[in-house]
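The values are calculated or read from the model by the stated rules, or taken from the named source; none is laboratory data. Here the structure is a predicted model, which means the values were calculated and not measured. Glycine gets a Cβ as well: all are built from the backbone with ideal geometry, and neighbour counts include every protein chain shown. Surface areas here come from the heavy atoms of the whole protein model, side chains and all, with no ligands, DNA or RNA. Shrake-Rupley method; radii C 1.70, N 1.55, O 1.52, S 1.80 Å.
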Amino acid sequence: FVYFHSIIDGPSCKQNDVDLSRLETDIAQAGTTAAYNFITPDLCHDMHGDGACIEPDALRAGDDWLRANLPPLIAFAEAHAGVIFIVWDEGEGDTRIPFIAVGPGVKKGYAGTKHYNHGSLVKSVERILGLPYLAAVASNHDFADLFEPGKFP
């Protein structure tokens with residue numbers, strides 16, 4: 001969505017596309033956290049690496065970023081019946097991608113057997129937010145089976 005001019009050129013983008021520290025502030029102040037937050041690390045911490053990064057090991061830099069940033073997000077999700085989806089944008093040599101769901105309703109130690117893709121993430125977010133499904137993702141599996149019965153947010 002960061003490539004759609006109807007989004008990035010509008011005033012709501014400048015208002016809602018903010019530094020991660022803003023989310024930290026929102027979490028600390030009850031009731032100010034948005035229902036949906038999309039977080040992506042910078043180029044030095046997204047596990048791709050960049051020539052200008054201090055840490056030459058891109059995976060280590062990404063792991064360090066997750067280690068530093070996930071605990072307060074997980075605590076918030078646990079306290080507010082939320083969920084965190086950690087999704088990579090590409091696999092290593094094939095179409096499989098790492099994916100992790102974290103939250104109080106997620107089945108512990110469960111690995112889904114359905115075929116998921118990025119459309120599954122979109123469909124799941126649409127379902128959680130009560131939005132209609134985009135035609136392009138309507139036939140995809142959502143992530144409901146990753147949750148305990150009745151716990152899909």
| When we measure straight from the Cα of LYS114, which aspartates and glutamates land under 13 angstrom away, once same-chain ones fewer than 8 places off are left out? | ASP142, ASP145
| request: Mind checking which lysines have their Cα closer than 17 Å to the Cα of LYS151? Skip sequence neighbours fewer than 8 apart in that chain. | output: LYS107, LYS108, LYS123
| Label-point separation, ARG127 to GLU24 (7 Å along Cα→Cβ), nm | 3.4
| Between rounded, prolate and oblate, where does the range 47-153 land on the alpha carbon gyration tensor, with a ≥ b ≥ c its root eigenvalues, rounded for a/c under 1.5, else prolate if a/b exceeds b/c? | oblate
| remark: Expressed in nanometres to one decimal, the distance between label points 7 Å along Cα→Cβ at LYS107 and ALA138 is 2.8
| remark: So the pair-distance distribution of the range 1-65, from every Cα-Cα distance in 10 Å bins, comes to percents of 19, 34, 35, 12
| query | Given charges of +1 on the Cβ of Lys and Arg and -1 on the Cβ of Asp and Glu, with all other atoms neutral, how large is the dipole of the chain about its Cα centre, in debye to the nearest 20? | reply | 700
| said: Explain nothing, just the number: relative contact order of the range 1-61, from Cα pairs under 8 Å at least 6 residues apart, as a whole percent. | reply: 16
| request: Would you work out what percent of the accessible area of the range 4-153, with all protein chains in place, is carbon or sulfur (probe 1.4 Å)? | output: 57
| Between TRP88 and ILE7, what FRET efficiency comes out of the Förster formula 1/(1 + (r/R0)^6) with R0 = 25 Å and r the beta carbon distance, rounded to 0.05? | 0.65
